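Colleague: This structure is in structure tokens; I'll ask about it shortly.
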Amino acid sequence: MSSVLDLALTESSLRPLPGPAAELLRELNAPPRLGAHLRIVHDVAWSLTDTLGRRRPDLEFDTTAVLFGAATHDIGKIIHVGELSAPGHAHEEAGRDLLLRYGVPAHLARFAGSHASWDDPHVTLDDLLVSLADKVWRAARVEELERLVCALLGGAPWEAFLELDDVLRQLAAGADARLAFQASYPILP
């Protein structure tokens, strides 16, 4: 295992990845930058689910699944390393297949393939929360994605938007530090 990867998975005040996700990244000798990125998105997903859960205790989502999905959503970039520094979608299906080969249940492996598929008719709030965490970690706001999340939050659309906007603005505030953390790790092991 790369000692640099180990630093990406343990250094800083970011929350640690779920054990099985961290073990798999180590076993596959993931690029350190990927480890840092997954840790960041997982940390943001943790804050997002925690805040929504406290504000909306009646809202149904699977926190454990969302956190595992955030921790592994880009794992296919181990195979498609070029997508760590350039756009691409080949990592999505490859990531889902990789997770399935390593025994990850399909309901958890799906996030690697669904984190960019918001228009799928089977998309759930869990899927959208992983996608949202993957955007807001760097302060990116995507209107279509936020609209879909608001629709699932229920209530008056404008109230749902104001509530979600407040949460996302708070999360986006830490983007510069997260970007610096990710950039401090090399792409290659």
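The values are calculated or read from the model by the stated rules, or taken from the named source; none is laboratory data. For clarity, every value in this text was computed on a predicted model and none was experimentally measured. Quick reminder, even Gly has a Cβ in these numbers, built from the backbone with ideal geometry, and neighbours come from all protein chains shown. Just the protein is used for accessible areas: all its heavy atoms, side chains included, with ligands, DNA and RNA removed. Shrake-Rupley method; radii C 1.70, N 1.55, O 1.52, S 1.80 Å.
Colleague: Name the residues in region 93-108 that are in a helix (DSSP H, G or I), open to solvent by 60 Å² or more (accessible area, probe 1.4 Å), more than 23 Å from ALA151 (Cα to Cα) and touching a helix residue (DSSP H, G or I) at 6+ places or on another chain (Cβ under 7 Å), would you?
Modeller: GLU93, ARG96, LEU100, ALA106
Colleague: Same structure, new question: Would you check which residues across region 109-149 are over 25 Å from ALA180 (Cβ atoms) and open to solvent by less than 30 Å² (accessible area, probe 1.4 Å) and list them?
Modeller: ALA109, PHE111, ALA112, GLY113, SER114, LEU125, ASP126, ASP127, LEU128, GLU146, VAL149, listed by residue number.
Colleague: Being outside any helix (DSSP H, G or I), closer than 16 Å to GLN182 by Cβ, touching a His at 6+ places or on another chain (Cβ under 9 Å) and not aliphatic (A, V, I, L, M), is that true of even one residue in region 55-66?
Modeller: First, the residues of region 55-66 that are outside any helix (DSSP H, G or I): 56-62.
Then drop every residue that is not closer than 16 Å to GLN182 by Cβ, which leaves none.
Looking for residues that are outside any helix (DSSP H, G or I), closer than 16 Å to GLN182 by Cβ, touching a His at 6+ places or on another chain (Cβ under 9 Å) and not aliphatic (A, V, I, L, M), one finds none in region 55-66, hence no.
Colleague: Just wondering, is there one or more residues in region 4-14 that are more than 12 Å from the chain's Cα centre (by Cα), in contact (Cβ under 8 Å) with a residue 40 or more places away in the chain and surrounded by 24 or more Cβ atoms within 10 Å (Cβ to Cβ)?
Modeller: As a first pass, look at region 4-14 and keep what is more than 12 Å from the chain's Cα centre (by Cα): 4-14.
Then keep just the ones that are in contact (Cβ under 8 Å) with a residue 40 or more places away in the chain; that gives 4-5, 7-8, 12, 14.
Pick out the ones that are also surrounded by 24 or more Cβ atoms within 10 Å (Cβ to Cβ) and you get 5, 8.
Taking every residue of region 4-14 in turn, at least one turns out to be more than 12 Å from the chain's Cα centre (by Cα), in contact (Cβ under 8 Å) with a residue 40 or more places away in the chain and surrounded by 24 or more Cβ atoms within 10 Å (Cβ to Cβ).
Colleague: Right, something else. Within region 150-159, restricting attention to residues that are of a type in the set (A, V, I, L, M) and free of Cβ contacts under 8 Å to residues at least 40 places away in the same chain, which residue is least open to solvent (accessible area, probe 1.4 Å)?
Modeller: If we filter region 150-159 for residues that are of a type in the set (A, V, I, L, M), which is where we start, we get 151-153, 156.
Filter once more, keeping what is free of Cβ contacts under 8 Å to residues at least 40 places away in the same chain: 151-152, 156.
Details: ALA151: 76, LEU152: 85, ALA156: 32 Å².
This residue is ALA156.
Colleague: For region 167-185, name all the residues that are over 16 Å from LEU38 (Cβ atoms), outside any loop (DSSP other than H, G, I, E, B) and either at pLDDT below 95 or not charged (D, E, K, R) (or both).
Modeller: Initially, region 167-185 is screened for residues over 16 Å from LEU38 (Cβ atoms), giving 167-177, 180.
Adding the requirement that they be outside any loop (DSSP other than H, G, I, E, B) leaves 167-172, 175-177, 180.
Of everything in region 167-185, those that are over 16 Å from LEU38 (Cβ atoms), outside any loop (DSSP other than H, G, I, E, B) and either at pLDDT below 95 or not charged (D, E, K, R) (or both) turn out to be VAL167, LEU168, GLN170, LEU171, ALA172, ALA175, ALA177, ALA180.
Colleague: Go through region 68-91 residue by residue and tally those that are in a helix (DSSP H, G or I) and either crowded, with 23+ Cβ neighbours inside 10 Å or among the basic types (Lys, Arg) (or both). Spell out the reasoning first.
Modeller: Keep residues of region 68-91 that are in a helix (DSSP H, G or I), which gives 68-72, 75-78, 81-84, 90-91.
Applying the additional criterion that residues be either crowded, with 23+ Cβ neighbours inside 10 Å or among the basic types (Lys, Arg) (or both) yields 68-72, 75-77, 91.
Counting residues in region 68-91 that are in a helix (DSSP H, G or I) and either crowded, with 23+ Cβ neighbours inside 10 Å or among the basic types (Lys, Arg) (or both) gives 9.
Colleague: Assuming PHE61 fulfils every condition listed in (1) open to solvent by 60 Å² or more (accessible area, probe 1.4 Å); (2) aromatic (Phe, Trp, Tyr); (3) in contact with a Ser or Thr (Cβ under 8 Å, 6 or more places away or on another chain) apart from one, which condition is it?
Modeller: So the condition that PHE61 fails would be (1).
Colleague: Only one residue in GLY103, GLY53, GLY82, GLY155 is closer than 17 Å to LEU34 by Cα and small (Gly, Ala, Ser), so which one is that? Explain how you work it out, then say what you get.
Modeller: Values: GLY103 fails: closer than 17 Å to LEU34 by Cα; GLY53 fails: closer than 17 Å to LEU34 by Cα; GLY155 fails: closer than 17 Å to LEU34 by Cα.
From the options GLY103, GLY53, GLY82, GLY155, the qualifying one is GLY82.
Colleague: Is it the case that PRO32 is farther than 18 Å from ALA133 by Cα and modelled with pLDDT of 95 or more?
Modeller: Details: farther than 18 Å from ALA133 by Cα: yes; modelled with pLDDT of 95 or more: yes.
In short, yes.
Colleague: Quick check, is ALA151 of a type in the set (A, V, I, L, M, F, W, C) and closer than 21 Å to ALA21 by Cβ? Break it down into steps so the answer makes sense when it comes.
Modeller: Values: of a type in the set (A, V, I, L, M, F, W, C): yes; closer than 21 Å to ALA21 by Cβ: no.
Taking the combined requirement at face value, the residue does not satisfy it.
Colleague: Here's a follow-up. Determine if region 33-50 includes at least one residue that is part of a loop (DSSP other than H, G, I, E, B) and either open to solvent by 10 Å² or more (accessible area, probe 1.4 Å) or among the aliphatic types (A, V, I, L, M) (or both). Write out each step before concluding.
Modeller: Going residue by residue through region 33-50, those that are part of a loop (DSSP other than H, G, I, E, B) are none.
Within region 33-50 (the criterion being part of a loop (DSSP other than H, G, I, E, B) and either open to solvent by 10 Å² or more (accessible area, probe 1.4 Å) or among the aliphatic types (A, V, I, L, M) (or both)), the answer is no, since none of the residues qualifies.
Colleague: Quick one: count up the residues across region 116-140 that are over 10 Å from the mean Cα position of the chain (by Cα) and assigned to a loop (DSSP other than H, G, I, E, B).
Modeller: Count: 12.
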